[in-house]
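Below is one structure; the comments refer to it alone.
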Amino acid sequence: MSELLVYFQLGYRHITDLAAMDHILFLLVLAAVYHRRDWRQLLWVISAFTVGHSVTLALAVTGTLNLPTDLIEFLIPVTIVATAIENIVVANRERAPWANRYRPVFAGVFGLVHGAGFANYLRELFVDRIAVPLLGFNLGIEAGQIVVLLIAAAGFALLDRAFALARRPGWFSPQRMRVVLVSSVVAAFATVWAIERSPW
């Protein structure tokens, strides 16, 4: 088996493993506000997240950037909580600051934090060469993210349908109810993690 494929599988398993639930929940809460018709906006946001975590992953693994593991493990759930709160607070995205164009920046900055988390895992596996392992691991993470987002899209569609069937006059739209539900549940889990991982 080639080295590229080995690290691809490691990256894929790392993002899809339930042990990486914090990264999965971040993807869920990041994507929760989008509908199928908004796939272009979601693509920009996920691409920005990818760029962010790829930059930090490369810097950290090469030793250019060295961040305390305790701080990174604490900041990852903080990024999840912040994203969930933004989802709940910003009800009308058309009237949001910069007409919602800030979300890719938001995702890119938070991606920097998540990349450092990936690096803490990957740094232990490197021996000498890093180009092929880094590329393979990153490609595996991206493939895993696509799988997570496809499963999330199916789950969101089911939730929207359930809320549409149960909806009463005067209630929020099914999509808005789904955003609030998903964001609230994810925020609750991430808040517990942030408290447990607090370095202070």
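The values are calculated or read from the model by the stated rules, or taken from the named source; none is laboratory data. Source: prediction; values computed, not measured. Note that each Cβ is placed from the backbone with ideal geometry, even for glycine, and that neighbours are counted across all protein chains shown.
Table: residues versus (1) in contact with a Ser or Thr (Cβ under 8 Å, 6 or more places away or on another chain); (2) in contact (Cβ under 8 Å) with a residue 24 or more places away in the chain; (3) under 26 Å from residue 61 (Cβ atoms).
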residue	(1), (2), (3)
111	yes, yes, yes
137	no, yes, yes
147	yes, yes, yes
154	no, no, no
169	no, no, no
(request) With respect to residue 56, determine if the residue is over 27 Å from residue 176 (Cα atoms) and either surrounded by fewer than 15 Cβ atoms within 10 Å (Cβ to Cβ) or among the charged types (D, E, K, R) (or both). (result) no
(request) Count, please, the residues in segment 1-20 that happen to be touching a residue at least 40 places away in the same chain (Cβ under 8 Å) and surrounded by fewer than 15 Cβ atoms within 10 Å (Cβ to Cβ). (result) 3
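Residue by residue, here is whether (1) of a type in the set (A, V, I, L, M, F, W, C); (2) crowded, with 21+ Cβ neighbours inside 10 Å; (3) modelled with pLDDT under 95; (4) under 18 Å from residue 45 (Cα atoms) holds:
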residue: 61; (1), (2), (3), (4): yes, yes, yes, no
residue: 64; (1), (2), (3), (4): no, no, yes, no
residue: 72; (1), (2), (3), (4): yes, yes, yes, no
residue: 77; (1), (2), (3), (4): no, yes, no, no
residue: 80; (1), (2), (3), (4): yes, yes, no, yes
residue: 93; (1), (2), (3), (4): no, no, yes, yes
residue: 101; (1), (2), (3), (4): no, no, yes, yes
(message) Looking at 184, 173, 198 in this structure, which one is closer than 20 Å to residue 73 by Cα and either among the small types (Gly, Ala, Ser) or loosely packed, with under 13 Cβ neighbours inside 10 Å (or both)?
(response) 198
(message) Suppose we filter segment 22-68 for residues that are in contact (Cβ under 8 Å) with a residue 24 or more places away in the chain, within 18 Å of the chain's Cα centre (by Cα) and part of a loop (DSSP other than H, G, I, E, B); how many remain?
(response) 3
(request) Quick one: residue 159 ticks every box in (1) in contact with a Pro (Cβ under 8 Å, 6 or more places away or on another chain); (2) part of a loop (DSSP other than H, G, I, E, B) except a single one, so which number is it? (result) (2)
